[in-house]
1. Does the stretch 350-357 include one or more residues that are assigned to a loop (DSSP other than H, G, I, E, B), more than 60 Å from the chain's Cα centre (by Cα) and not β-branched (Val, Ile, Thr)?
2. Being modelled with pLDDT of 90 or more and either touching a helix residue (DSSP H, G or I) at 6+ places or on another chain (Cβ under 6 Å) or assigned by TED's automatic domain parsing to the domain that holds Val306 (or both) narrows it down to one residue among Leu246, Leu255, Leu280; which is it?
3. Exactly one of (1) more than 30 Å from Val47 (Cβ to Cβ); (2) of a type outside the set (Phe, Trp, Tyr); (3) surrounded by 11 or more Cβ atoms within 10 Å (Cβ to Cβ); (4) within 41 Å of the chain's Cα centre (by Cα) is unmet by Leu266. Its number?
4. Quick check on this structure: which one of Val299, Val338 is under 24 Å from Glu392 (Cβ atoms), free of Cβ contacts under 8 Å to residues at least 24 places away in the same chain and crowded, with 16+ Cβ neighbours inside 10 Å?
5. Give the stretch 278-293 a look and list any residue that's farther than 13 Å from Arg336 by Cβ and polar (S, T, N, Q), or say none.
6. Are any residues in the stretch 198-252 touching a residue at least 24 places away in the same chain (Cβ under 8 Å) and either in a helix (DSSP H, G or I) or within 34 Å of the chain's Cα centre (by Cα) (or both), and if so, which ones?
7. Would you please list the contacts, defined by Cβ atoms under 9 Å and residues six or more apart or on different chains, that run from a residue in the stretch 312-329 that is of a type in the set (Phe, Trp, Tyr) to a residue that is crowded, with 16+ Cβ neighbours inside 10 Å?
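The values are calculated or read from the model by the stated rules, or taken from the named source; none is laboratory data. Remember, predicted model here, so these are calculated numbers, not experimental data. Positions of Cβ are generated from backbone atoms using ideal geometry, with glycine treated the same way; all protein chains shown enter the neighbour counts.
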Amino acid sequence: MKTTKIFSFIFLLVISSATFAQDELQITAKDSVVQSSWIVGIGLNAVDDSGNVFDGIFNVGKEWNIVPFPSRVSIGRYFKNGLGLEAIGAYNTYMEGNIIDGNVISEDIDYYSFDGRITYDINKIIGQTGWFDPYVGVGAGYTDANNKGRGTYNAVVGFRTWFSDRWGLDFNSTGKWAMSQGEGATNHIQHAAGVVYQFGIEKGLSKRGEEKLELLAAIEKEKQRQQDSINEVNRLKDEALLAERLKKQQEADALAAAEKAKIDALNKKKEEIKSRIESLGNVYFALNSSVVNTSSKKVLDSLANVLDEIPTLKLKITSHTDSRGTSKYNDWLSQRRVDKTKAYLISKGIAEDKLVTEAYGETMLLNECDDNTYCPENKHAVNRRSEFVILEF
């Protein structure tokens, strides 16, 4: 027992060490860098066109102009050498009451800008971090601001911070100098923040990352070998379980087939009995009469023979009238008829508990002969009857 405990402890120690080592060998952002990609972005922009940029740089309420919805889109291609080419479009609104070009404006004014720029990834100089990408850049564009169109020279400084290889945030500020100061066009600054998505990525591993990759491949190969062994054991177990399930299913199918055969036999027997009873016909009565006449006695005699032959058979006797007479009278008359029908069968030795009765009066006519329709006697006679329904057999 002591030896078993020692081996168990050693086994757990080896497994724990292997797990820890594998965790240490995970490829991280530090082991790989994005060398080139496309980046698209969408976000917000804020424009400070107060003419007092540096003194009031944080005077957001009166000097910054922001719209409360995505107002900036960009797309750029970034290369292995750190350079990037980017195109940006932005919309904004100079808000009534804000300071624009040194003056307070009395109405909202639309702002549009379309810019192109070249950027450089500063990480090419300071070293890759994998999650923080500062950059600088220069460019040119066209801006329609304060109802004045002008070409601009641009300079940008910003950074991107990445949550994954695909998604990140971009923050930047761009100074824009009007190419011409005509018509009062002035310089301004544009801040931006937004979500960026990176695609068309080409990455490369560092030397340390390549070493980790080789070790991980070796570990994965060993894990696969172990998993293959486990899978083989599980396959054999599954085959045994499948064979057991098939056996149980076959047994269940056999029981179901036997039960179905039993039900089919009962249904067949019921249909045969029903056919025999229906072939005897109904018991019919004369107008305003509940007397079981000679022809009806023959039907009931044959029915009594069936009841004697099948001890488990239990019937429901229903009696009816034609539509002539009042409903109350016909209810009474149909009750008399059903009672007389039952009494005759009992007189032939049929046990009372095998017979259930119900009187329907004129409520269940077999044809159109109601109180509002004229019918000859032969049609009315069809409704003056006792019928038999199988309850048990």
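1. yes
2. That would be Leu280, the only listed residue that is modelled with pLDDT of 90 or more and either touching a helix residue (DSSP H, G or I) at 6+ places or on another chain (Cβ under 6 Å) or assigned by TED's automatic domain parsing to the domain that holds Val306 (or both).
3. The single condition Leu266 does not satisfy is (4).
4. Details: Val338 fails: free of Cβ contacts under 8 Å to residues at least 24 places away in the same chain.
Just one listed residue meets the conditions, Val299.
5. Scanning the stretch 278-293 gives Ser279, Asn282, Asn293.
6. Gln198, Phe199, Gly200, Ile201, Arg208, Gly209, Lys212, Leu213, Leu215, Leu216, Ile219 - these are the residues of the stretch 198-252 that are touching a residue at least 24 places away in the same chain (Cβ under 8 Å) and either in a helix (DSSP H, G or I) or within 34 Å of the chain's Cα centre (by Cα) (or both).
7. Note: pairs meeting the criteria are Tyr329/Thr321; Tyr329/Gly361.
Here is a yes/no grid of residues against (1) in a helix (DSSP H, G or I); (2) under 27 Å from Asp371 (Cβ atoms); (3) touching a Pro at 6+ places or on another chain (Cβ under 6 Å):
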{"site": "Lys274", "(1), (2), (3)": "yes, no, no"}
{"site": "Ala286", "(1), (2), (3)": "no, yes, no"}
{"site": "Ser289", "(1), (2), (3)": "no, yes, no"}
{"site": "Asp308", "(1), (2), (3)": "yes, no, no"}
{"site": "Asp322", "(1), (2), (3)": "no, yes, no"}
{"site": "Asn330", "(1), (2), (3)": "yes, yes, no"}
{"site": "Val338", "(1), (2), (3)": "yes, yes, no"}
